[in-house]
Amino acid sequence: DPAMKTAGVTTQPIGHYEFCLAYSAECKQYSNATAPVQLTRKVWSDLDDVNNFFNVTVEPVTDQDLWGVSEKWSYPARRGDCEDYVIAKRKELMARGLPVNALLITVARQQNGDGHAVLTVRTDRGDFVLDNLEPKILPWDKTTYRFLKRQSVRNSGQWVSISDGREILVGSVN
């Protein structure tokens, strides 16, 4: 399915909660509009430019190495981890005119079991994922992630669970 199916309200990731304490305006963005953004050539070009820019210019580093803590969401200067890429991409795409309700921080699980954050962009052609681990922008259902939760379309400080009904093939370790 081109669009993720969401269920009810769920817990906010602790990193996002702490980010909201530091940057309260980021978590008080409300939208009455629920329609996805129209995927025009300009929008695709902006998504591609922003994704490439941050993937190339921000050096990946763990929060432990950067801040000395296991989890800290922040705007990356030159270095950051997955959610820092997401926050930066989201901010830049909003600056380019994309609506807040189409740019959702999303938490997933990688095939190795590790948690991961990506930016989901809701478009009229489905939900696409901007990811610091993948140079190409992919439809959400063409990734190898198990999607868990994302920001609400109506309230950037609220999170909803994702019903990821796909069968994920998981390799076994001998």
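The values are calculated or read from the model by the stated rules, or taken from the named source; none is laboratory data. None of the values given here were measured: they were computed from a predicted structure. Because the Cβ atoms are built from the backbone with ideal geometry, glycine has one as well, and the counts that use them run over all protein chains shown. Just so you know, the surface numbers come from the protein's heavy atoms only, side chains and all, with ligands and any DNA or RNA stripped out. Shrake-Rupley method; radii C 1.70, N 1.55, O 1.52, S 1.80 Å.
Values for this structure:
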item	result
R0 of 35 Å, Cβ-Cβ distance GLU134-ALA95: FRET efficiency to nearest 0.05	0.90
Largest-first ordering by accessible area, 1.4 Å probe, given options MET94, MET4	MET94, MET4
Where SER70, SER161 fall by accessible area, highest first, once all protein chains stay in place (1.4 Å)	SER70, SER161
Cα-based reach from LYS28 at 21 Å (exclusive), listing lysines while leaving out same-chain residues under 8 positions away	LYS72, LYS89, LYS91, LYS149
With every protein chain in place, the chain: carbon and sulfur % of accessible area (1.4 Å)	52 percent
Accessible-area ranking of GLU18, GLU134, GLU26, largest first, probe 1.4 Å	GLU18, GLU134, GLU26
Spin-label proximity, ALA22 to the stretch 129-151 - amide N less than 13 Å from point 7 Å beyond Cα toward beta carbon	none
Residues whose placed amide H lies under 5 Å from that of ASP127, excluding near-sequence neighbours	ALA3, MET4, TRP140
Shape of the stretch 108-166, Cα gyration tensor, a/c cut at 1.5	oblate
Expected 222 nm ellipticity per residue - DSSP helices of 4 or more, -39500 (n - 2.57), all of the chain, to 500	-8000 deg cm²/dmol
Mean separation of Cα contacts under 8 Å (6+ apart) over length of the chain, as relative contact order %	31 percent
Angstrom value of the Kirkwood radius, inverse mean 1/r, which spans all Cα pairs in the stretch 58-174	15.0 Å
Cβ-based net charge around GLY126, under 14 Å, with every Lys or Arg adding one and every Asp or Glu removing one	+1
Computed accessible area, LEU39, all protein chains, 1.4 angstrom probe, square angstrom	20 Å²
Residues with amide H under 5 Å from that of LEU148, placed H, sequence gap 5 or more	VAL107, ALA108, ARG109
